[in-house]
Amino acid sequence: MSAVVERLRELAQIGRQEYGIDRALATPAERAARKWFVTLARARNYALTQDPLGNLFARRDGTRAGAPPILVGSHLDTVPTGGPYDGAYGVVAALCALEMLDDRNAQTEHSVEAVAWAGEEGGRFPFGCLGSSAFAGIIEMQRALALVDSEGTSLAQALASKEGGLLDDVPARNGTRVAAYLELHVEQGPVLEAEGVVLGIVTAIAGQRRYRVTVKGESGHAGTVPMAQRSDALCGAADIILAVERAATAQEKTVATAGRIAVEPNAPNVIPMRAVFSLDIRSTVDAAIDAVESALRDSAADVHARRRLHTSIERLESRQPVPMDPKLRDCIGRAIDSIGQRAINVPSGAGHDARCLAQIAPTAMIFVPSVGGRSHVPDEETKPEDLEVGVEALAASIAEADKFVV
Ligand code: GLV
Ligand code: MN
Ligand code: MN
């Protein structure tokens, strides 16, 4: 079995639950994954550093003193019912690519660092691509550390804890200069499989906005309050969610998801007094996200008038669509030619740390197929031989990028 396949099987045991893998940021499982990464990197004498958010870097030295590094990576955290490849593949593949360069005695001018970005999924603390956003200056470090999870624990507290915190024996990182960023990821969609191609070069990452919507009504007895006299917060939330669904369906290449909802008091015979739900809207066209957001606001006004409910809409995060760097994409294209493979261009509907790194350095991504296009589910699958081709393509892309970036 190849190193990348064997390691991904090993990593999939960390945080394994009855249904999928759960490695939320700064939990014991996610910390154990970081430690696992450190052990592999130390075996090759790569220099390890971490920053205050838990972003973790393993450096293979280059030959030109003072040259900024090429970063290559992805994330180790998962959604609560995650599969073995989303994020994990890009981190493991980055280490494997560095080892491949070692084994071939290939020198690079730039240092190359395998990176595990902290908290890409944004499930525990309400901000996606958190580690890479802080690294790229998109969110201030202090604001990131002040984010609070649903239990009231701040990220600063979680990262100071023994269970989920920073690693004791890894020195602090200095500096955020980057020559280029490359990320290898499973596609998480159906295009490559349908086209019968093993490699995709990402054209752009879709825009995304995340919200927290709160609907407040009035509680009461489920058996006695007549329907016309109710202010049922959950019914109002349902109206809003369905209005958003209609609005997203009316736009091209636009999706919207209310993936989490909490209802109070959450009892079978009490009218819901409060409903709080998450909303995630994405599109490759920013104006389409605007249109869905307008529908959200109109619907909130409508349930206020019709159902006598109070609503508040908090926009937690807003990301424009991000194109990948054309010259770095060409580098990847040449690298893929050099290993005798073929690639097609594909957009990314999913978010990735690459969209943050693109704000500070030339950035590009490579995709490999996802069986059935499925991801964020335990049965996420990519064929072992495709995982291996992806690592070859990544190593070749690093060598090619090393010649091109300054
Ligand atoms: C991350 O996987 C995201 O796109 O939400
Ligand atoms: Mn991912
Ligand atoms: Mn994901």
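A few remarks follow.
- The condition (being open to solvent by 80 Å² or more (accessible area, probe 1.4 Å) and modelled with pLDDT of 95 or more) is satisfied by just one residue among R7, R16: R16.
- Pairs, first in a loop (DSSP other than H, G, I, E, B) in segment 1-17, second at pLDDT 95 or above and β-branched (V, I, T), C-beta under 9 Å, six or more apart: S2/V391; A12/I21; Q13/I21; I14/I21; G15/I21; G15/T27; G15/T78; Q17/T81
- Sole exception among (1) more than 23 Å from the chain's Cα centre (by Cα); (2) open to solvent by 50 Å² or more (accessible area, probe 1.4 Å) for P347, by number: (1)
- Test for G82: is it in contact with a helix residue (DSSP H, G or I) (Cβ under 6 Å, 6 or more places away or on another chain), touching a residue at least 40 places away in the same chain (Cβ under 8 Å) and within 16 Å of ligand 3 (Cβ to nearest atom): no
- The set of residues in segment 261-318 being of a type in the set (S, T, N, Q), assigned to a strand (DSSP E or B) and crowded, with 19+ Cβ neighbours inside 10 Å consists of S283, T311.
- Residue under evaluation K253, criteria (1) modelled with pLDDT under 95; (2) open to solvent by less than 20 Å² (accessible area, probe 1.4 Å), criterion not met: (2)
- Every residue from segment 258-290 that is among the β-branched types (V, I, T) and farther than 16 Å from G128 by Cβ: I261, V263, V270, I271, V276, T284, V285
- The residue of segment 173-196 that is most open to solvent (accessible area, probe 1.4 Å), among those that are touching a strand residue (DSSP E or B) at 6+ places or on another chain (Cβ under 7 Å) and farther than 22 Å from V92 by Cα, is E195.
- A count restricted to segment 58-80 and to residues that are touching a strand residue (DSSP E or B) at 6+ places or on another chain (Cβ under 8 Å) and surrounded by fewer than 24 Cβ atoms within 10 Å (Cβ to Cβ) stands at 4.
- So E113, is it touching a residue at least 40 places away in the same chain (Cβ under 8 Å) and either over 24 Å from V377 (Cα atoms) or away from ligand 2 (no atom under 16 Å from the Cβ) (or both): yes
The values are calculated or read from the model by the stated rules, or taken from the named source; none is laboratory data. Worth saying up front: this structure is predicted, and the values here are computed from it rather than measured. Note that each Cβ is placed from the backbone with ideal geometry, even for glycine, and that neighbours are counted across all protein chains shown. Note: accessible area is taken over every heavy atom of the protein model, side chains too, but ligands, DNA and RNA are not part of it. Shrake-Rupley method; radii C 1.70, N 1.55, O 1.52, S 1.80 Å.
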